[in-house]
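To start, the structure itself, in structure tokens.
The values are calculated or read from the model by the stated rules, or taken from the named source; none is laboratory data. Just so we're clear, the structure is a prediction, and the values are computed from it rather than from any experiment. So basically every Cβ, Gly included, is an ideal-geometry build from the backbone, and we count neighbours across all protein chains shown. In case anyone asks, the SASA skips ligands and DNA or RNA and just uses the protein heavy atoms, side chains included. Shrake-Rupley method; radii C 1.70, N 1.55, O 1.52, S 1.80 Å.
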Amino acid sequence: VLARRHYVEHGTLRYFDVRYADSGELAKAVQKETEADGLVVVALVDTDAERKKALLAAKAPPFDERPDVLVAVVRPLVGLAPDLQDVMCWKWVADNTPELSHDSYASAEVARQLAFARRALSSRLGKIAGLRSGAATEVEWLRAGQREHVPPRGGLSALISGICDQLYPDAPQVTNELINRNTLSSAAAAARMRLIEGLFQASDQPYLGIDPNKSPPEKSMYLSVIAKGAVHVPNGDGFKVVEPDPDHDPLRLRPALDCLIDQIAEARGERLPVTSLLASLKNRPYGVRNGLGPLLLAIVLQTRGHELAIYENGTFLHKFGPSDFLRLTKATATFEIQHCKVDGVRIEVFNQLAVSFARRVDARHPDLLDVVQPLCQFAAQLPDY
């Protein structure tokens, strides 16, 4: 079931999976993992006693702690017996009457009757379960142990849109279907990589070096995410890549960027796997799609590269560029990020080293990596002896 209004307003296509469960096995329906943003669990009951049992189960663990699960308790389904019997009878005729293979007229009639019976059963079940707009009011909806009401306008889709608004208040508002999705096409993935290459190598150029007279797919990503999100802004005669200001964040990128930055800083010098960083963006309250997550990480690495150390297979990378980021997207589990900060007594030693070794930086004091990287390059050029 799609959250249509949420998609139109926020740009991210979210949906809930639908699972049917016997009244006595509702908890099993939520044990299996899903890629969806939530679940609709329809409790199937045959009697009023089973219905009461299902209502009690929907208010107990694990449902009372799952705001992303919507439970529908339908009225008893005994009334569906005639429709179900029609389907079963016509299916038996189709499967057990060999004469139909020689009688095209009778075979077509059986196929029509079977299709008609299935449509009738599906229609009645859909109305009873309340999965369509204008559904019966006899269905009781519960979420986190509380009753929910399906809006008369928009039906279940409108209800799920409201739930998604609550679950993902800090989600970016990116209206680009090429990148704001879980699975990218090969063309979209290549375009994202070219855009990231521009972030690292052409941040001072208009359009990140993209030809303004052409319209490749990365240009639409640039316009809808980087430019519209106030990430690439004028800087004197050129441009620079920045993190959006909290007071001017048109696409609400700042909460997701802060999520990455805070996790790295709170590790206090410990290395964090990139997989865990990207996974945290997918969780509530961010709900960032897989296609957008690496681009947000690239923005952080570009703006804070002077204080973030990147490790591949445990080895420090003294330079990190587009080719390294391409490997990161292909083998994310082999990369780690470490926050480098000097304080306390060590700051005096660092200041002396910075005078001798730190590379020149503009508008800020040298950071740890400004000293470490030149030292690494110096050591790498020494003769073997």
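So that you can scan it fast, the table gives a plain yes or no per residue for (1) part of a helix (DSSP H, G or I); (2) open to solvent by 20 Å² or more (accessible area, probe 1.4 Å); (3) modelled with pLDDT of 95 or more; (4) touching a Phe, Trp or Tyr at 6+ places or on another chain (Cβ under 9 Å):
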| position | (1), (2), (3), (4) |
| --- | --- |
| Leu208 | yes, no, yes, yes |
| Lys214 | no, yes, no, no |
| Lys219 | yes, yes, yes, yes |
| Tyr222 | yes, no, yes, yes |
| Val225 | yes, no, yes, no |
| Lys240 | no, yes, no, no |
| Arg252 | no, yes, yes, no |
| Ala256 | yes, no, yes, yes |
Next on the checklist: Of the conditions (1) crowded, with 19+ Cβ neighbours inside 10 Å; (2) assigned to a helix (DSSP H, G or I); (3) at pLDDT below 95, Pro366 satisfies every one except a single condition; which number is it?
Outcome noted: (2)
Next on the checklist: For a quick check of your reading of the model, give me the residue pairs whose first member lies in the range 117-130 and is within 14 Å of Val42 (Cβ to Cβ) and modelled with pLDDT under 80, whose second is open to solvent by 30 Å² or more (accessible area, probe 1.4 Å) and among the basic types (Lys, Arg), with beta-carbon atoms closer than 7 Å and at least 6 apart or on different chains.
Outcome noted: Gly126/Arg132; Ile128/Arg75
Checklist entry - Among (1) modelled with pLDDT under 90; (2) in a strand (DSSP E or B); (3) of a type in the set (Asp, Glu), where does Asp17 come up short? => result (1)
Checklist outcome for this item: Every listed condition ((1) within 20 Å of Thr303 (Cα to Cα); (2) surrounded by fewer than 19 Cβ atoms within 10 Å (Cβ to Cβ)) holds for Thr175 save (1)
Item to check | Given (1) over 25 Å from Pro374 (Cα atoms); (2) at pLDDT below 90, number of the condition Thr332 does not satisfy | outcome: (2)
Item to check | Output for the range 227-237, where each listed residue is outside any helix (DSSP H, G or I), open to solvent by 20 Å² or more (accessible area, probe 1.4 Å) and either of a type in the set (Gly, Ala, Ser) or touching a strand residue (DSSP E or B) at 6+ places or on another chain (Cβ under 7 Å) (or both) | outcome: Val233, Gly236
Item to check | Checklist (1) crowded, with 20+ Cβ neighbours inside 10 Å; (2) touching a Pro at 6+ places or on another chain (Cβ under 6 Å) applied to Phe16, failing item | outcome: (2)
Checklist entry - Can Ile337 be described as surrounded by 19 or more Cβ atoms within 10 Å (Cβ to Cβ), in contact (Cβ under 8 Å) with a residue 60 or more places away in the chain and among the β-branched types (Val, Ile, Thr)? => result yes
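Residue by residue, here is whether (1) out of contact with any Phe, Trp or Tyr (no Cβ under 9 Å at 6 or more places or on another chain); (2) surrounded by 15 or more Cβ atoms within 10 Å (Cβ to Cβ); (3) touching a residue at least 60 places away in the same chain (Cβ under 8 Å); (4) not acidic (Asp, Glu) holds:
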site	(1), (2), (3), (4)
Val8	yes, no, no, yes
Asp22	yes, no, no, no
Asp37	no, yes, yes, no
Pro61	yes, no, no, yes
Ala72	no, yes, yes, yes
Checklist entry - Out of all the residues in the range 282-307, which are open to solvent by 10 Å² or more (accessible area, probe 1.4 Å) and either aliphatic (A, V, I, L, M) or in a loop (DSSP other than H, G, I, E, B) (or both)? => result Asn283, Arg284, Pro285, Tyr286, Arg289, Asn290, Leu301, Arg304, Gly305, His306, Glu307
Checklist entry - If a residue has to be part of a loop (DSSP other than H, G, I, E, B), at pLDDT 75 or above and touching a strand residue (DSSP E or B) at 6+ places or on another chain (Cβ under 9 Å) to count, how many in the range 131-150 make the cut? => result 4
Item to check | Pairs where the first residue, in the range 243-267, is in contact (Cβ under 8 Å) with a residue 40 or more places away in the chain and under 15 Å from Ala309 (Cα atoms) and the second is in a helix (DSSP H, G or I) and not small (Gly, Ala, Ser), C-beta under 6 Å, 6+ apart | outcome: Leu260/Leu277; Leu260/Val300
